[in-house]
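Everything on this sheet refers to the single structure shown next.
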Amino acid sequence: MPHMNEHAASYYAATARQAATYPALDQQLHADVCVIGGGLTGVNAALELAEHGLSVVLLEARRIGWGASGRNGGQLIRGIGHEVSGFARHVGQDGVRYLQQAGIESVALVARRIEQYGIDCDLRWGFCELANTPAQFAAFSDEQRNLAELGYRHETRLVGPERIHEIVASDQYAGGLVDMGSGHLHPLDLVQGEARAAQGLGVRLFEQSPVLRIEHGSRVTVHTARGKVHAQSLVLGCNAHLDELEPRLSGKVLPAGSYVMATEPLPEHVAQTLIPQNMALCDQKVGLDYYRLTADRRLLFGGACHYSGRDPKDIGAYMRPKVLKVFPQLADVRLDYQWGGMIGITANRFPQVGRLRQHPNVYYAQGYSGHGLNVTHWTAKLLAEAIATGHSQGLDVFSAVPHLTFPGGKALRSPLLALGMLWYRLREALG
Ligand SMILES: Cc1cc2nc3c(=O)[nH]c(=O)nc-3n(C[C@H](O)[C@H](O)[C@H](O)COP(=O)(O)OP(=O)(O)OC[C@H]3O[C@@H](n4cnc5c(N)ncnc54)[C@H](O)[C@@H]3O)c2cc1C
């Protein structure tokens, strides 16, 4: 697995409400489907498969939610993280429309799951996309119109620079686009709650059970240090942590470190002034700033991407100037938690969903490029549908978008992407 610190100090790990533990696999099991990876992709695939009536074993190398799923910004935002109209030549106009709807429906799917299984994860509605420049603010009108054309049912509203303080107490922004159909939540509580729901439906979950080897065939056998799972089908939900387990897939995803910190709890009047309507906020920069208040009134602030494979030595010292640029009034605030996680970036910033050409009973979903809370739920649904019924039209659309391999293999992936990002940053600085 790529280098990453253990992030013992994650705010989410310290405040998780449903931290059940699951045993390590030490026996031989049979199942219809074996799922590898206990993040949002794997857990939701397992849950959906069980809802379809299939027997499922899920194997997680560390703990449920240990990867990006339990460390992210908690922003539940519509869309697939990329302007999908550019993929028309691969999926056609109907395909583009499907992907746009999936970007909206996937948020509703998360909300339904939370409600259906009674998952306590601090879900709050309200998100504001922030413009760093007047040109970006002007472009928000088009975005709002596009949403209306798609039949978006939730309130959206433009907020000009003169009223932006009603949303966020910062002088950095040229306006915003409010979307009441997106929001924020405690992601570790979400994924652990979903794991508990999956267990309730009969899914057998194992933690501390890294898969070491996969034996392919009409049935797969998956090996851990002390156990084996024999299954008809396999789901790979390892994202940026897949590494050598399936090199044909890991070469298509670049693991990049992203960092988050949480302040001490803020006095109520300070929190109220900072983000008066308790929305999730995200700007437009290349290494974007994203932030929100937690349920216990901390500012949780994330940003930046490192492609070097090395975390900053002191994440707090690295993040503090970014926070103070947006909120200079927080100069004296204490940082209580700081951590990082691995984002799986793809060359076209579009998630990769499909099945292995050489082994069609092996399915995968990965590479959400930093926008996975909603999309993982959708891809998991498609994988389960394909496995349970033999076909999923949605999966066909997703997998028609090419899954590009980073040139130069593992050794060159990071330097090339770092160069590419430098170019974007330069353009941003000049433009
Ligand atoms: C810092 C950060 C902030 C983010 N913020 C947001 C946000 O605000 N909104 C948003 O929508 N998205 C955000 N994302 C992206 C989102 O978190 C991810 O897209 C999503 O969690 C991916 O889920 P996953 O299950 O595919 O991968 P992961 O959660 O990374 O799970 C993969 C799991 O596979 C396991 N695994 C790997 N190899 C093996 C093996 N051999 N055997 C067994 N298990 C194995 C790992 O231990 C890991 O638990 C953020 C990501 C990061 C890192």
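Read the figures in this text as sums done on the coordinates, not as results from a lab. Predicted model, so just to flag it, every value in this text is computed and none were measured. Cβ placement follows ideal geometry from the backbone for every residue including glycine, while neighbour counts extend to all protein chains displayed.
Structure data summary
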read-out	value
Where trypsin sites (Lys or Arg not before Pro) fall in DSSP loop in the range 118-193, at most 10 other Cβ within 10 Å	R153
Where GluC sites (Glu not before Pro) in DSSP loops with at most 15 other Cβ within 10 Å are excluded, longest remaining stretch of the chain	156-431
Share, in percent, of DSSP beta bridges within the chain that are antiparallel, nearest 5	70
Cα shape, the range 282-378, gyration tensor, a/c 1.5 rule	prolate
Global form of the range 8-132, assessed from the alpha-carbon gyration tensor, a/c cut-off 1.5	oblate
Sorted peptide list for 338-351, 91-104, criterion being average Cβ within 10 angstrom, highest first	338-351, 91-104
Most to least packed among 65-78, 17-30, 273-286 [average Cβ atoms within 10 Å]	65-78, 273-286, 17-30
Neighbour-count order for V353, V57, fewest beta carbons within 10 angstrom listed first	V57, V353
Value at 222 nm in deg cm²/dmol, rounded to 500, when DSSP H runs of n ≥ 4 in the chain each add -39,500 (n - 2.57)	-11000 deg cm²/dmol
Overall form of the range 17-81 per C-alpha gyration tensor (a/c, 1.5; a/b vs b/c)	oblate
Summed side-chain charge close to A280 - residues other than A280 whose Cβ falls under 9 Å, Lys, Arg +1, Asp, Glu -1	+2
Sparsely packed chymotrypsin sites (Phe, Trp or Tyr not before Pro) within the range 111-195, loop by DSSP, other Cβ within 10 Å at most 14	none
Ordering of 288-299, 369-380 by burial proxy (mean other Cβ atoms within 10 Å per residue, highest first)	369-380, 288-299
Kyte-Doolittle at least 0.0, axis length at least 30 Å by Cα - qualifying DSSP helices, the chain	409-430
Relative compactness, the chain, computed as alpha-carbon Rg over 2.2 N^0.38 Å	0.95
